[in-house]
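Novice: Supplied in structure tokens, the structure appears directly below.
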Amino acid sequence: MSATNTMHGWTGTVLRVNLTSGNITKEPLNAEWARDYVGGRGLGVKYLYEEMDPSVDPLSPENKMIFATGPLTGTNASCGSRYMVVTKGALTNAVTTSNSGGFWGPEMKFAGYDMIILEGKAAQPSYLWIYDDRVELRDATHLWGKTVWQTEEALRAEIGVPDSIIASIGPAGENLVRFACIMNDLHRAAGRSGVGAVMGSKNLKAIALRGTGGVSLADPQAYMEGQWAMKEKLRQSPVTAEGLPMYGTEVLVNVINEHGALPTRNHQQTVFDEAENISGETLTETRLVANKACFSCTIACGRVSTLPGEASSKYSVTTNPQNWKIAGEGPEYEAAWAMGSECGVGDLDALIKANWLCNDLGMDSISFGASVAAAMELFEKGVVGQNETEIPLEFGSAEALIAMAEKTAYRQGFGDALAEGSKRMTETLGRPEFFMGVRGQEFAAYEARAIQGMGLGYATSNRGACHLKAYTVAAEILGLPRQMDPRATEEKAEITKVFQDATSTVDATGLCQFLTFGVGLEEMLPQLSAATGVAYTLEELVHIGERIWNLERLWNERAGFTGKDDTLPKRILEEPIPSGPAKGEVNRLGEMLPEYYELRGWEKDGKISEAKKKELGLE
Amino acid sequence: MKQLRVITEKCTSCIQCELACAFVQTGTFQPSRSVIRVHIFDEQAVYAPYTCFQCDEAWCLTACPVNAIGIDPDTDAKVVMDDVCVGCAVCTVACPYGTMFYNPDSHKAFKCDLCGGDPACVKSCPTGALEYVDMDQPDWLASWADKVNRGFQHMQDEEGGNA
């Protein structure tokens, strides 16, 4: 493995674990792919594309899972904390790239690996213990059934290495809940598309890591100059220096609500009259204990909240009741929206508790909340009744929300229907029009009728509806890098493409997307080049993003997706918003999509053209 | 004389200090080689950086059988002299604060030397949780200990409750 000694930024080593055979191998990182796809999301998708048939069942042993870091993961670049889980999504059947921060990704680099590739399926519940170059697949029968927080505690005690960092699934992942996530550091999630269900289908409970090595740099001096320059810019940005540290992502609740763009009661309305109660301002004033940073992050947007006194016992739960007296992270904006306004729930304490439950049980708080919202509309319209749901699933019921979190993770009663996600649930019950999402994945917290660009971004997102693939909210609402009219469709195709490509590159570096509120690829470039020794140019970085985006799309084409899937629910396209600042609006996807395809250099039906594939080196 | 001051209330647990410390020593980002460590008590939301505060008693110095630990006259830092250190690790046992370390690769002891009077950890801290200021006595230890004690207390309560 001579490559190991010559690479900087990257460790140069890929760990491959075949769970069926128990074979554990280490192989040199493909240096050419590393240069062309950088790492994280890019490199993970490249390996998945080259190694796996995209048409396999996501919950079958034939599906592979790749945990991928970037060359800046584990460095002191602000927010160099990220790892990416790349696999075929259990919720979506599309390629998914689920990102998480905390300390787990850096620890994987310190142990000596850029990526961990998991294949097959273990015969019995297992966990992976990695201590530098020692890698063991161990029995986890005694851990099966434990929640995420119980698992971390029990596993750390069993391993006997207090500094070990653990990523695990909870009961939701074990029970193949289609939106189960993978949790690390108790509260950090590779959240979306059901990566936790894929891990559960492989009988893998956890990956525990301890790494004592380091990340080396090709040109330490140039690297250090680059990171100081970027941190200085972050200190000057109102979003990364003030907004996010002060209120966290929750700062958006009031902002988005005032624009009439906060989806409410399963997208039946777009203004929530109790928004103030669940806002970042209220959270900060009444429940915040501390800001918590991920590894190397100078922003520290993480919220540590607590439920004081009677608030801790307001809603009874059976899962780890002792936990409700201590501090925990969240809720973030997306969780507060999905379980809050989308379900009509305006009680912040209920959201804190439901959010912790999702983390402890190991499921995506966005898809869970949005699925409950869809179920609440089914209940409201009389499609299901209390005979089926046991608990009245009325909009605004915090009791129902919290009860359903446990029922869903354990697939009890109506929770079994919710565990399939809202697309499958609404189809099974004969009312598919109540599913609010794309490619099987529920929307994020921005109304596409009120923010036109987000509609195009959702419709074309490779992993199903997602706010993290092209955050045009930055331009359309926050005015970054320049203010655009959220109601207009002009220029939205262009900004969506630009954001999709740039975001793909950021996701490949190992850095956090929140940096892009204060800096751009220009500021990341010197660190990336100096760390890796590859003299990237800005044009190349943009090109790499476009390559990643198209490779994901090509992967999805092979999995059976076509341009026909680039669409939005009928409610978003045809039902005007009934009231509020965006009253009367629908999403005008038809005005944006043809232009988007043209800018992408794709065929009129959305197929990637041969010329584009050739240009990007994809065939 | 300037000393390090730790203000736990400002710490967010980002461990930039550990990365800066490791970089000074190794030229890489290797937190296992950092001599400043951030203790994280998640359930109490307590994040407490900790390193050698160059105590007057200097048990590490007293314990060393080969006189490999000296005092930097400019900073009052207790400093390991690599060419004298024989790697016996007695100092790591003698230090009551756990801030003497042993490098398994070089077989030498290592500790905080205040970077010769310009501590990298202080410069790297984004929230001002670390300061290098004139003080007669470290004035932060009591509040630091109080915070950390709450973290430990909680862990013990939990263990007791489970038993």
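Read-outs throughout are calculated quantities, based only on the coordinates presented, and are distinct from any laboratory measurement. All values reported here derive from a predicted model rather than from experimental measurement. Methodologically, a virtual Cβ is constructed for each residue, glycine included, from the backbone with ideal geometry; neighbour enumeration extends over all protein chains shown.
Novice: Highest mean first, what order results for B:99-106, A:256-263, A:362-369 on Cβ atoms within 10 Å? All intermediate terms of the calculation are to be shown ahead of the outcome.
Specialist: Numbers: B:99-106: 15.4, A:256-263: 24.0, A:362-369: 31.2.
Output ranking for B:99-106, A:256-263, A:362-369: A:362-369, A:256-263, B:99-106.
Novice: Still on this model: Kindly list the residues of segment B:96-134 that lie in the label zone of B:C55, defined by a backbone N under 15 Å from the point 7 Å along the Cα-to-C-beta vector.
Specialist: What the label zone holds, given the 15 Å backbone N cut-off, is B:96-101, B:112.
Novice: Another question, if that's okay. For A:Q269, enumerate residues with amide H under 5 Å from its amide H, sequence gap 5+ or separate chain, H modeled in the peptide plane.
Specialist: Here the answer is A:T264, since their amide H atoms fall under 5 Å of that of A:Q269.
Novice: Out of residues 5 or more away from A:V345 or on other chains, whose amide H comes under 5 Å of its own, with H placed 1.01 Å from N in the peptide plane?
Specialist: Placed amide hydrogens put A:G396 under 5 Å from A:V345.
Novice: Right, next: Using modelled amide H (1.01 Å from N, peptide plane; none on Pro or chain starts), what sits under 5 Å from the amide H of A:T11, excluding residues fewer than 5 places away?
Specialist: For A:T11, the qualifying residues are A:D114.
Novice: I would also like to ask the following. Using alpha-carbon positions, what is the distance between the centroids of segment A:66-116 and segment A:168-215, in Å?
Specialist: 12
Novice: In the structure displayed, which of A:K109/B:K10; A:K46/A:K231; A:K314/A:K407; B:K78/B:K108 lie more than 24 Å apart, Cα to Cα?
Specialist: Long pairs (Cα-Cα over 24 Å): A:K109/B:K10; A:K46/A:K231.
Novice: Take peptide A:210-220, look around each residue's Cβ out to 10 angstrom, count Cβ atoms belonging to other protein chains, and average those counts. Walk me through the intermediate numbers first.
Specialist: Values: counts 1, 3, 5, 5, 11, 5, 5, 4, 0, 0, 3.
Mean shielding count: 4.
Novice: Shifting gears a bit: Any idea what diffusion coefficient segment A:226-357 gets from Stokes-Einstein, in µm²/s, Kirkwood Rh on alpha carbon pairs, 37 °C, 0.692 mPa s?
Specialist: The Stokes-Einstein estimate is 212 µm²/s.
Novice: Averaged over B:37-48, how many beta carbons belonging to a partner chain fall within 10 Å of each residue's beta carbon?
Specialist: Averaged over the peptide's residues, the number is 4.
Novice: Which ³J(HN,Hα) values, rounded to whole Hz and listed in residue order, are derived for segment B:122-138 from phi using the Karplus coefficients 6.51, -1.76 and 1.60 in 6.51 cos²θ - 1.76 cosθ + 1.60 with θ = phi - 60°, glycine and proline given as x?
Specialist: Here the 3J(HN,Hα) series is 5, 5, 7, 6, x, 10, x, 6, 10, 10, 10, 9, 5, 8, 7, 10, x Hz.
Novice: Given the -39500 (n - 2.57) contribution per DSSP H run of 4+ residues, what per-residue ellipticity at 222 nm results for the protein assembly as shown, rounded to the nearest 500 deg cm²/dmol?
Specialist: Mean residue ellipticity at 222 nm (helix-derived): -10500 deg cm²/dmol.
Novice: Got a sec to turn the phi values of segment A:480-491 into Karplus ³J(HN,Hα) couplings, 6.51 cos²θ - 1.76 cosθ + 1.60 with θ = phi - 60°, whole Hz, x for Gly and Pro?
Specialist: So the J values, rounded to whole Hz, are 10, x, 8, 6, 10, 6, x, 7, 8, 9, 4, 6.
Novice: Something else now. Return the distance in nm (one decimal) between the two label points of a simple spin-label model at A:V383 and A:R487, each offset 7 Å from Cα along Cα→Cβ.
Specialist: 3.1
Novice: Same structure, new question: Go through segment A:545-619 and name the trypsin sites (Lys or Arg not before Pro) that are in a DSSP coil and have 10 or fewer other Cβ atoms within 10 Å of their Cβ.
Specialist: Numbers: sites: A:R547, A:R553, A:R558, A:K564, A:K570, A:R571, A:K583, A:R588, A:R600, A:K604, A:K607, A:K612, A:K613, A:K614; in loops: A:K583, A:R588, A:K604, A:K607.
For trypsin sites (Lys or Arg not before Pro) across segment A:545-619 that sit outside H, G, I, E and B with at most 10 neighbouring Cβ atoms in 10 Å, the list reads A:K604.
Novice: Still on this model: Using the Karplus equation 6.51 cos²θ - 1.76 cosθ + 1.60 (θ = phi - 60°), what ³J(HN,Hα) coupling, rounded to whole Hz, does each residue of segment A:465-470 give in order, writing x for Gly and Pro?
Specialist: 3, 6, 8, 9, 9, 7
Novice: Percent of Cα-Cα pairs more than 18 Å apart in segment A:4-160, please.
Specialist: 61
Novice: Tell me which lysines have Cα within less than 16 Å of A:K423's Cα, excluding those fewer than 8 residues away on the same chain?
Specialist: A:K570
Novice: Give the order of A:M52, A:M339, A:M425, B:M81 when sorted by the count of other beta carbons within 10 angstrom, beginning with the fewest.
Specialist: Values: A:M52 20, A:M339 31, A:M425 24, B:M81 13.
Sorted ascending by nearby Cβ count, the order is B:M81, A:M52, A:M425, A:M339.
Novice: If you take every DSSP beta bridge fully contained in chain A, what fraction is antiparallel? Give it as a percent rounded to 5.
Specialist: Here the antiparallel bridges make up roughly 80 percent for chain A.
Novice: Another one. Can you list which of the trypsin sites (Lys or Arg not before Pro) found in segment A:425-486 are DSSP loop residues with at most 13 other C-beta atoms within 10 Å? Kindly include the intermediate steps, with their values, before the conclusion.
Specialist: Working: sites: A:R439, A:R449, A:R463, A:K469, A:R482; in loops: A:R439, A:R449, A:R463, A:K469, A:R482.
Counting only loop positions with at most 13 other Cβ atoms within 10 Å, the trypsin sites (Lys or Arg not before Pro) in segment A:425-486 are A:R482.
Novice: So what's Rg/Rh here for the protein assembly as shown, counting alpha carbon atoms and using the Kirkwood radius for Rh? Walk me through the numbers before you get to the answer.
Specialist: Numbers: Rg = 25.7 Å, Rh = 26.6 Å.
Rg/Rh: 0.97.
Novice: Can you give the mean number of other chain Cβ atoms that lie within 10 Å of the Cβ atoms in peptide B:23-30?
Specialist: 6
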